[in-house]
1. Work out which helices of the chain, taken as complete DSSP H runs, extend at least 30 Å along their axis over the Cα atoms and score a mean Kyte-Doolittle of 0.0 or more, then list them.
2. First measure r as the distance between the Cβ atoms of residue 68 and residue 20, then evaluate 1/(1 + (r/R0)^6) with R0 = 35 Å and state the FRET efficiency to the nearest 0.05.
3. Quick check on region 1-153: take the gyration tensor over C-alpha atoms, sort the square-rooted eigenvalues as a ≥ b ≥ c, and tell me if it's rounded (a/c under 1.5), prolate or oblate.
4. To the nearest 500 deg cm²/dmol, what mean residue ellipticity at 222 nm is calculated for the chain from DSSP H runs of n ≥ 4 alone, each contributing -39,500 (n - 2.57), summed and divided by the residues?
5. Determine ³J(HN,Hα), in whole Hz, for all residues of region 13-24 in sequence, where each value follows from phi through the Karplus function 6.51 cos²θ - 1.76 cosθ + 1.60 and θ = phi - 60°; x replaces Gly and Pro.
6. Please give the FRET efficiency for residue 180 paired with residue 81, using the beta carbon to beta carbon distance and R0 = 25 Å, rounded to the nearest 0.05.
7. Assign unit charges at the C-beta atoms only (+1 for Lys and Arg, -1 for Asp and Glu), then state the dipole size of region 88-157 relative to its Cα centre in Debye, rounded to the nearest 20.
8. How do 24, 81 stack up against each other in accessible area, from largest to smallest, with a 1.4 angstrom probe?
Amino acid sequence: METAAQAVALLDAPGVAASWEKPSALAQWTVGGLAGHLAYQIFSVDPALEEPASEQEPIPVSEHYARAVWIDAPLDDEISSGIRAKGEDIASEGVRRLVERVHAVLDQQRTGLEEVHGDWVVFMPQTGWALSLDDFLLTRMVELAVHMDDLAVSVGLGVPELAGSALDPVVALLTGLAVRRHGQAAVLRALTRAERAPAAINVF
């Protein structure tokens, strides 16, 4: 909830509204479309709270990212274009209405999350598999952290500092995914040995 509240504050920043139609720091994204995509990460929690807990066996969060086809999809791929189009569609209502909606949704989620138990399982229809509620919310925090950075850089604002309770699990997950993609030695060198580090260590 704290990370989502930071995202809402960023969406409400005057610089975001002033740059709504301009290109963002991400290729082929407008600032508005990126803001819509950021807001979607909060909106996407609603179905997880409104639907009954899934009876499907949840997969590990690392497997979720291993299966995700969007990670390596080219910019002009259908899935990448669809993600951008969804962000633009959400943004089409304008910044003021979007901020109002996100505020209202976040207020409801504060209550809704208190009413679900720790072993709640979330089915993700867009993927066809399920995650535990904790892992699902971790994927939302990763998205919020990454795209708050994108949006802040796009409009020349300082990047919000995540609380340790959010930063620690996000960094732990991203580090694990980087090891899985690039190997242990590459990640260790990137963190400790600049002279032997690879040129780039990326997850997405």
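The values are calculated or read from the model by the stated rules, or taken from the named source; none is laboratory data. Keep in mind it's a predicted model, so treat the numbers as computed, not measured. Don't worry about glycine lacking a Cβ; one is built from the backbone with ideal geometry, like all the others, and counts go over all protein chains shown. Heavy atoms of the whole protein, side chains included, go into the accessibility calculation; ligands, DNA and RNA do not. Shrake-Rupley method; radii C 1.70, N 1.55, O 1.52, S 1.80 Å.
1. Working: long enough: 133-154 (31 Å, 0.69).
Helix filter hits for the chain: 133-154.
2. Values: r = 29 Å, r/R0 = 0.82.
Efficiency for this residue pair is about 0.75.
3. Working: a/c = 2.17, a/b = 1.32, b/c = 1.64.
Taking the square roots of the gyration eigenvalues as a ≥ b ≥ c, region 1-153 is oblate.
4. Values: 10 runs with 125 residues, N = 204.
Taken over the chain, the calculation gives -19000 deg cm²/dmol.
5. 5, x, x, 5, 4, 5, 10, 3, 8, 7, x, 8
6. 0.40
7. Working: 5 positive and 13 negative charges, 41 e Å.
Here the size comes out at about 200 debye.
8. Most to least solvent-accessible, the answer reads 81, 24.
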